[in-house]
Amino acid sequence: MPDPIIAREDVAESELVTRRGRFSAVAFRHGGHEHMALVHGRVRSREDVLVRVHSECLTGDIFGALRCECGEQLGAALDAIVREGSGILVYLRGQEGRGIGLVAKVRTHVLQDEQGLDTVDSATSLGLPVDVRDYTPAAVVLAYLGVRSVRLMSNNPDKIASLEEHGIRVTERVPLLMPPSENNIAYLKAKRDRLGHDLPQLDRFAVGERHG
């Protein structure tokens, strides 16, 4: 397990009442950014805790952009945690555009809209990396919260490998599939075909297109 100690000056906890229910809001600093873990129910010293590690996406999470499914996944993950009765959502900041930053992400949007590039090629054409996200902060806060193992809500096998490299045991990957639309289908296909995400709902969408 990673070192579970977070310095007192780098963490603060309070109750957070939301329209979905009550959470413990654990704000913490790590890696030059301030992050948040929302904890619902009892999780300390428990196995197989339902967890979502969510990368910050201002356009999707806050403004409801339709070119990605980030905002939908955020809401669906919180709903699943509440239904479960316990769980954790770790919200990692400083990860816009898979870590390239907000300005660079918006520049890739221009290339996607004007030149038809996908999310991978629009980044590399600007000389940017495809994915430089670091999941160490998630592992650190999960250890701090005393979680023994997790069931991870994710469609990205690489996220599981990264957490396990940092000492977090993942006992199950729980799919978090959102319905595709004409606004995000190109984005989702790039995630599946070029980044290895498991998105079986895209096959059903293609069948629907042929028979629509």
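Might you check whether a residue that is under 30 Å from Ala12 (Cβ atoms) and touching a residue at least 40 places away in the same chain (Cβ under 8 Å) occurs anywhere in the stretch 172-182?
So far as the stretch 172-182 goes, yes, one or more of its residues are under 30 Å from Ala12 (Cβ atoms) and touching a residue at least 40 places away in the same chain (Cβ under 8 Å).
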Search result, residues across the stretch 1-51 that are over 12 Å from Ala138 (Cα atoms), under 20 Å from the mean Cα position of the chain (by Cα) and acidic (Asp, Glu) = Asp48
ask   = Looking at the stretch 151-173, which of its residues are over 15 Å from the mean Cα position of the chain (by Cα) and of a type outside the set (A, V, I, L, M, F, W, C)?
value = Glu164, Glu165, His166, Gly167, Arg169, Thr171, Glu172
task = Only residues that are at pLDDT 90 or above and loosely packed, with under 11 Cβ neighbours inside 10 Å: list them for the stretch 1-33, please.
result = Ala7, Arg8, Glu9, Ser14, Glu15, Val17, Arg19, Gly32
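Of everything in the stretch 134-144, what is surrounded by fewer than 21 Cβ atoms within 10 Å (Cβ to Cβ) and not polar (S, T, N, Q)? Give them in sequence order.
Initially, the stretch 134-144 is screened for residues surrounded by fewer than 21 Cβ atoms within 10 Å (Cβ to Cβ), giving 134, 136, 143-144.
Once the filter is applied, which keeps residues that are surrounded by fewer than 21 Cβ atoms within 10 Å (Cβ to Cβ) and not polar (S, T, N, Q), the stretch 134-144 yields Asp134, Ala143, Tyr144.
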remark   = Scanning the stretch 148-184 residue by residue, the ones that are outside any loop (DSSP other than H, G, I, E, B), surrounded by 15 or more Cβ atoms within 10 Å (Cβ to Cβ) and touching a Phe, Trp or Tyr at 6+ places or on another chain (Cβ under 9 Å) total 3
ask   = Any residue in the stretch 138-150 that is under 15 Å from the mean Cα position of the chain (by Cα) and among the aromatic types (Phe, Trp, Tyr)?
value = no
request  = From the list Val49, Val53, pick out the single residue that is crowded, with 21+ Cβ neighbours inside 10 Å, within 30 Å of Leu111 (Cα to Cα), in contact with a Lys or Arg (Cβ under 8 Å, 6 or more places away or on another chain) and in contact (Cβ under 8 Å) with a residue 60 or more places away in the chain.
outcome  = Val53
ask   = Taking the stretch 56-79 only, how many residues are of a type in the set (A, V, I, L, M), surrounded by fewer than 18 Cβ atoms within 10 Å (Cβ to Cβ) and either farther than 30 Å from Gln112 by Cα or touching a residue at least 40 places away in the same chain (Cβ under 8 Å) (or both)?
value = 3
note = Listed by first then second residue, the pairs whose first member lies in the stretch 186-202 and is without any contact (Cβ under 8 Å) to a residue 12 or more places away in the chain, whose partner is surrounded by fewer than 16 Cβ atoms within 10 Å (Cβ to Cβ), with beta carbons under 8 Å and at least 6 positions apart or on separate chains, are Arg192/Asp198
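Okay, residues lined up against (1) modelled with pLDDT of 95 or more; (2) under 28 Å from Ser24 (Cα atoms):
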| site | (1), (2) |
| --- | --- |
| Ala104 | yes, no |
| Thr119 | no, no |
| Val174 | yes, yes |
| Tyr187 | no, no |
ask   = In the stretch 110-129, what residues are within 20 Å of the chain's Cα centre (by Cα) and crowded, with 16+ Cβ neighbours inside 10 Å?
value = Asp118, Thr119, Val120, Ala123
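The values are calculated or read from the model by the stated rules, or taken from the named source; none is laboratory data. Quick caveat: nothing in here was measured; it's all calculated off a predicted structure. When we count neighbours, we look across all protein chains shown, and the Cβ atoms used for this are built from the backbone with ideal geometry, even at glycine.
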